[in-house]
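Trainee: Can you read through this structure? Questions will come right after.
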Amino acid sequence: MELWPWLTAALLLLLLLVQLSRTARFYAKIGLYCVLCLSFSAVASIVCLLRHGGRTVDNMSIISWFVRSFKYVYGLRFEVRGQKKLEVDGPCVIISNHQSILDMMGLMEILPKRCVQIAKRELLFTGPVGLIMYLGGVYFINRQRARTAMTLMADLGDLMVKENIKVWIYPEGTRNDNGDLLPFKKGAFYLAIQAQVPIIPVVYSSFSSFYNVKRKLFTSGTIRVQVLDAVPTRGLTEADVTKLVDTCYQSMRNTFLQISKMPQENSTIKEPGVVPVQ
């Protein structure tokens, strides 16, 4: 029995569903996103190994180049303000809000040189994605073991000063798409004070106008990015952590609400399934 007619029929049915159903389009795009992450991670891992031979922060520039191409597939645009504020000579702690799986594209869009991220340990075991994160110098934290996480953060504070590394952290600790910011955890702020390096807040506008899991919405759109002024920590001690957290939280929350109120471009009024390349 020939399989090609059945495969062709199944493919045509899938294309029809994608055209007619927003839910089908949503899951198709999520599936494509996962495929892109796995395939590009595998290719990027080979390039990183050939170029630098192993784990190094210098691999992040290679990873960034691959991930930035995703936006053309999904018709996403980034409007960035204040990016030069990230181009500081010394080490710093960069903090940003965390909304969805699309955050990786936003991060790589403005990632400065010699910058690594802190991620949960579970991501290390995600095949090619875990491998490329390891090769890029990402630091993995076991959130189930607070003592181990604190030790790693202490070591990281010494390392970032010694090797002139910037560290990117999501202080909310988890993804959040409720239209506001979650309370910040204090790890990033302890790290900055320990290393006596500035904190640079980065705020991404809400994705809700073009990406919404509950509504199964995934279209094209514009993401506004605002890099805020650096917050100095020199001379501060652990006693100042709470005030430092509140200062950063309030400035980031105000900025988030402001840039998220601005009209967002999306393709909900265009023909189903059509994603313009920006």
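Trainee: Could you pull out the residue among Gly130, Gly137, Gly106 that is part of a helix (DSSP H, G or I), touching a strand residue (DSSP E or B) at 6+ places or on another chain (Cβ under 8 Å) and either open to solvent by 40 Å² or more (accessible area, probe 1.4 Å) or at pLDDT 90 or above (or both)? Steps first, please.
Mentor: Numbers: Gly130 fails: touching a strand residue (DSSP E or B) at 6+ places or on another chain (Cβ under 8 Å); Gly137 fails: part of a helix (DSSP H, G or I).
Being part of a helix (DSSP H, G or I), touching a strand residue (DSSP E or B) at 6+ places or on another chain (Cβ under 8 Å) and either open to solvent by 40 Å² or more (accessible area, probe 1.4 Å) or at pLDDT 90 or above (or both) holds for just one of Gly130, Gly137, Gly106, which is Gly106.
Trainee: Which of the following residues is in contact (Cβ under 8 Å) with a residue 12 or more places away in the chain, assigned to a strand (DSSP E or B) and either among the charged types (D, E, K, R) or open to solvent by 40 Å² or more (accessible area, probe 1.4 Å) (or both): Val80, Val73?
Mentor: On the way: Val73 fails: assigned to a strand (DSSP E or B).
One residue alone meets the criteria, Val80.
Trainee: Hey, another quick one. I want to confirm something. Restricting to the stretch 187-212 and keeping residues that are hydroxyl-bearing (Ser, Thr, Tyr) and in a loop (DSSP other than H, G, I, E, B), which single residue is farthest from Thr242 (Cα to Cα)?
Mentor: At the first step, the residues of the stretch 187-212 found to be hydroxyl-bearing (Ser, Thr, Tyr) are 190, 204-206, 208-209, 211.
With the extra rule that they be in a loop (DSSP other than H, G, I, E, B), the set shrinks to 205-206, 208-209.
Working: Ser205: 25, Ser206: 26, Ser208: 30, Ser209: 33 Å.
Out of the qualifying residues, it is Ser209.
Trainee: Filtering the stretch 167-176 down to residues that are open to solvent by 10 Å² or more (accessible area, probe 1.4 Å) and not aromatic (Phe, Trp, Tyr), which residue is farthest from Gly136 (Cα to Cα)? Outline the logic, then answer.
Mentor: Here is the first cut: in the stretch 167-176, the ones open to solvent by 10 Å² or more (accessible area, probe 1.4 Å) are 169-170, 173-176.
With not aromatic (Phe, Trp, Tyr) added as a condition, the list becomes 169, 173-176.
Values: Ile169: 15, Gly173: 21, Thr174: 21, Arg175: 22, Asn176: 25 Å.
This residue is Asn176.
Trainee: Also: Residue by residue through the stretch 38-51, note down the ones that are within 10 Å of Leu135 (Cα to Cα) and crowded, with 16+ Cβ neighbours inside 10 Å.
Mentor: Ala44, Ser45, Cys48
The values are calculated or read from the model by the stated rules, or taken from the named source; none is laboratory data. The shown structure was predicted, so the numbers you read here are calculated from the model rather than taken from an experiment. When we count neighbours, we look across all protein chains shown, and the Cβ atoms used for this are built from the backbone with ideal geometry, even at glycine. Surface accessibility is based on the protein's heavy atoms, side chains included, excluding ligands, DNA and RNA. Shrake-Rupley method; radii C 1.70, N 1.55, O 1.52, S 1.80 Å.
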